[in-house]
Amino acid sequence: MTDLSVRVEDKLYQNRYQVDSGKVHIKVREHDKPSGPLRALLTACPARCYELNDKGQVEITADGCIECGTCRIIGEASGDIEWNYPRGGYGISFKFG
Amino acid sequence: MIDERFDAIVVGAGMAGNAAAYTLAERGLKVLQLERGEYSGAKNVQGAILYSDMLEKIIPNFREDAPLERHLVEQRFWMMDDRSHTGMQYRSDDFNEEKPNRYTIIRTQFDKWFSQKVRDAGALVICETTVTSLVQNGEGKVIGVRTDRKDGEVHADVVVLAEGVSGLLGTRAGLRERPEADKVALASRKCHFLPSETIEARFNLKGDEGVVIEAAGTISQGMTGMGFIYTNKECISLGIGCLVSDFQETGQTPYDLIERFKMHPSVAPLIAGSEVKEYSAHLIPEGGYNAIPQLYGDGWVMVGDAAQLNNAIHREGSNLAMTSGRLAAEAIFQVKSRRDPMTAENLSLYKKMIDDSFVMKDLKKYKDMPALLHTQSKNFFLTYPQLVSKAMQDFLRVDGTPKIQKEKASLKSFVSARSWWGLAGDAVRLARAWR
Ligand SMILES: Cc1cc2nc3c(=O)[nH]c(=O)nc-3n(C[C@H](O)[C@H](O)[C@H](O)COP(=O)(O)OP(=O)(O)OC[C@H]3O[C@@H](n4cnc5c(N)ncnc54)[C@H](O)[C@@H]3O)c2cc1C
Ligand code: SF4
C-alpha cells in the first residue's frame, strides 16, 4: 500500500495554489498523545496534510490542502482542530474542478 | 468595504448561489454576491453531469454559449468485485435530440460562464472575499455579513446562504448543525486527459456523444460509497467517494482508494496513456431528507448543498442547488414586491415552494435509503457484488458441470453468506426504502 500512498504528493503537484505565507487556516490543538479523531486525520485527509512528528504528535502542513473540509467534520467537535477558510483568493484554485 | 445597502447578499458563487444571484438580479433587485475563490468555480468540484431542465428554467437559451462537453447517450451501472464487473447499460439514439437532457461539464469552466451571466444580469460580484460571519441584530435577525476585507461589513435586507456543504457560516450563527461524519461523503476526483478520438473509440461514441459509468462494489472496500467515470470532450473525469465516518473507522485513505479504482482491470484500459492534470476532493451531502436543516429565518434563506439538498441515490446535486437557488430568489422577489419585510414568516414562502417542487418530493421518496445503505454497507458493497460476480462467472464458464448443479451452488453461496432471513430482510428493506 505504501507505494500507492507516496503518490499523493505527485498528484498535488498538478494543482494550483496561492499560498498565504505565514497565515495558517487550520490549527491542531497542542497535545501529548493524539486523540482518536486526530489519528483518523492521518489517513482521512485526501491531501495527506496531517503527519506524525518524531514525538508521536499529529502535525499539520496545510500547504497542499484542497479545502475539502473533511478534517473539520472529524476533528472540530472535539476541539482537536480549529478550522477556517483561507483568506479570500488564497488556497487552492481548481482549473477543472 | 462598501457603504451601500443591498436588497440581497448572496454568499457563494456555486450552482445555488449563481442561480439565486442571477434570478434576483434579472428581476431588478440590487444584489451583492461574495465568493472566496479567485473566481467562481475555483473551489468547486463536480463529476459532472448537468441536467438541462433545471438550467433551462433559469437561462432558457444556455446551449448557445455555455461550455458543455458531451451530451449523454449512454449510462452504465457497474457492480464490481476485484477482478470483474457485472453491468447494466442503457443507450438510446433518442438522446441524440435537438435539446439534449443531460450533458457532461467541467465544473470550473461552467461556473465561470454562469458567473458572467450573473454579472450581465446586473449583480455586483466580488471574488477573493471570504465571508467570516453573519451580522445579526439584537433579536437574532440576519442583517448582513462580515468579510475578510478592510472595513468588511455589508448590510442587506436578506442574506442567501449558498456556501456549500460545509455550512461554516450557518453553523457558527447557530442556524444549523455541523454535518455529521455519517451524513457526508468525501469524494476525490481526477481529470485524465486523452485525445477526443481516443475517448470516442474507447467508449464507442461519435461527435459530441458521451457516456457515464456509475460503479459500486468492492472498490469501496466495504465502505458506503460509489465510483464514477464520466467522458468529457478531451478528458475522462474519474472519482470515488465514501462516507467520512467510514474513512474514519476503517483507516482507508482517499488516495489509495482512487488509485485502486484506476488500476481495476475494467477501468485501467479506459484511461491508459492519459495525462492527469488535476486532483481534487470535496464533500457531498448524503444525509438525505432527514438531514435537511431549517431553510429560512429572519433575514436569511439557505439553498443548495448548504441546505444538504442532494439526492445521493441519483447523483443529483447541482440541479437541486440551482432549483433551490431560483426558488429562494423568486420567493424573495415576491416578498419584496409586496413591500413586506424579510421576516421568517414571509420567507417561509420559499419553503412552501420547495416543498411543492421535485426537490423535496424526491428527497422524501428516498428518506430511509441513506441509513439503510450505511448500516448494511458490508452486504451491499462487499458481499453481494462478490456473490453476483461469482454467480455470473459460473453461469458463463462452460466446464461440463450440469447447469442445475451450478444454479444450486450459486443459490447456496448467497444463502450461506447472508442466510435466507438476511437476504429476505435486505430485499424488503431495499424495496421499502426505494418505494
Ligand atoms: C465528486 C463530485 C461529483 C458530483 N457529481 C455531480 C453530478 O454529476 N451531478 C450533479 O448534479 N451534482 C453532482 N455533485 C454535487 C454538486 O457538485 C453539488 O450539489 C453542487 O455543487 C452544490 O452547489 P452549491 O452552490 O450548493 O455549492 P458549491 O458548489 O459548493 O458552492 C459553494 C460556493 O460558496 C463559496 N463559499 C463557501 N463559503 C464561503 C464564504 N464563507 N465566503 C465566500 N464564499 C464562500 C465556495 O467557494 C463555493 O464557490 C457532485 C459532487 C462531487 C463532490
Ligand atoms: S480540509 Fe481536507 S485537504 Fe485540507 S487539511 Fe482538512 S482534510 Fe486535508
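Values quoted throughout were computed directly from the atomic coordinates according to the rules given, and no laboratory measurement underlies them. As the structure is a prediction and not an experimental result, all values here were calculated from the model. For neighbour counting, all protein chains shown are included, and Cβ atoms are generated from backbone atoms with ideal geometry for every residue, glycine included.
Structure above, values below:
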| quantity | calculated |
| --- | --- |
| Count of region B:261-281 residues which are of a type in the set (Lys, Arg) and out of contact with any helix residue (DSSP H, G or I) (no Cβ under 7 Å at 6 or more places or on another chain) | 1 |
| Among the residues listed as B:Glu4, B:Glu64, B:Glu56, B:Glu26, the single one being acidic (Asp, Glu), closer than 13 Å to B:Thr323 by Cα and more than 12 Å from ligand 1 (Cβ to nearest atom) | B:Glu56 |
| Test: A:Ala47 is closer than 30 Å to B:Phe110 by Cβ and either among the charged types (D, E, K, R) or within 16 Å of ligand 1 (Cβ to nearest atom) (or both) | yes |
| Check on B:Ala21, crowded, with 24+ Cβ neighbours inside 10 Å and either within 13 Å of ligand 1 (Cβ to nearest atom) or within 12 Å of chain A (Cβ to nearest Cβ) (or both) | yes |
| Residue ID - surrounded by the fewest Cβ atoms within 10 Å (Cβ to Cβ), chosen from residues in region B:96-125 that are within 19 Å of B:Ala8 (Cα to Cα) and within 14 Å of chain A (Cβ to nearest Cβ) | B:Val125 |
| Selected residue (only one of B:Arg76, B:Arg63 is assigned to a helix (DSSP H, G or I) and either over 21 Å from B:Cys235 (Cβ atoms) or more than 16 Å from ligand 2 (Cβ to nearest atom) (or both)) | B:Arg63 |
| Residue count, region B:243-257 (criterion: of a type in the set (Asp, Glu) and crowded, with 23+ Cβ neighbours inside 10 Å) | 1 |
| Strands (runs of 3 or more DSSP E) wholly inside chain A that include at least 2 residues being within 15 Å of ligand 2 (Cβ to nearest atom) and free of Cβ contacts under 8 Å to residues at least 24 places away in the same chain | A:50-52 |
